[in-house]
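Have a look at the structure below before the remarks.
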Amino acid sequence: MVCHGQNGLSTQPDAPNLAGQPTYYLVAQLKAYQSGERRHEVMSMMAKTLSEEDVANVAAWFASIKVEAHVPR
């Protein structure tokens with residue numbers, strides 16, 4: 001939550017926004033960090049501490065956040 005923000009909007013320039021991403025995508029990415037298929041110094045370490053239930057809960061949380069785009073008038 002520190003890098004990606006509690007509401008899924010990044011607080012760091014090198015961290016992507018996660019709000020509204022599909023659950024299956026977020027689960028796949030977390031599992032890729034856990035397995036070493038995907039590497040990032042911080043995320044690899046963080047993901048390895050997550051249980052299957054944690055992965056599902058984190059993915060569901062970020063996926064549940066509604067993202068809206070507004071066109072300026």
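Rounded to the nearest whole Hz, the Karplus-based 3J(HN,Hα) values (6.51 cos²θ - 1.76 cosθ + 1.60, θ = phi - 60°) of region 39-55 follow the sequence 10, 7, 3, 7, 5, 4, 5, 5, 5, 5, 7, 8, 7, 4, 5, 4, 4, with x at glycine and proline.
Ligands, DNA and RNA excluded, the heavy atoms of LEU9 present near 100 Å² of accessible surface to a 1.4 Å solvent probe. The loop-placed GluC sites (Glu not before Pro) in region 7-63, going by DSSP, that have at most 13 neighbouring Cβ atoms within 10 Å of their Cβ come out as GLU37. Ligands, DNA and RNA are left out, and with a 1.4 angstrom probe the accessible area of the chain is 77 Å² per residue. For MET45, the solvent-accessible surface with a 1.4 Å probe is about 120 Å², rounded to the nearest 10.
The Rg/Rh ratio for the chain is 1.01, where Rg is the radius of gyration of the alpha carbons and Rh is the Kirkwood radius.
At 1.4 Å probe size, with the rest of the protein present, what percent of the exposed accessible area of the chain is carbon and sulfur atoms?
56
Each part gets one Cα centre, and for region 6-22 versus region 23-66 those centres are 13 Å apart.
Each residue of region 62-69 was assigned a 3J(HN,Hα) from its phi angle through the Karplus expression (A = 6.51, B = -1.76, C = 1.60, θ = phi - 60°), giving 5, 5, 6, 6, 6, 10, 10, 10 Hz with x at Gly and Pro.
The values are calculated or read from the model by the stated rules, or taken from the named source; none is laboratory data. Note that this is a predicted model, so its numbers are computed, not measured. In this analysis, Cβ positions are derived from the backbone assuming ideal geometry, glycine residues included, and neighbour counts consider all displayed protein chains. These accessible areas exclude ligands, DNA and RNA; they are computed on the full protein's heavy atoms, side chains included. Shrake-Rupley method; radii C 1.70, N 1.55, O 1.52, S 1.80 Å.
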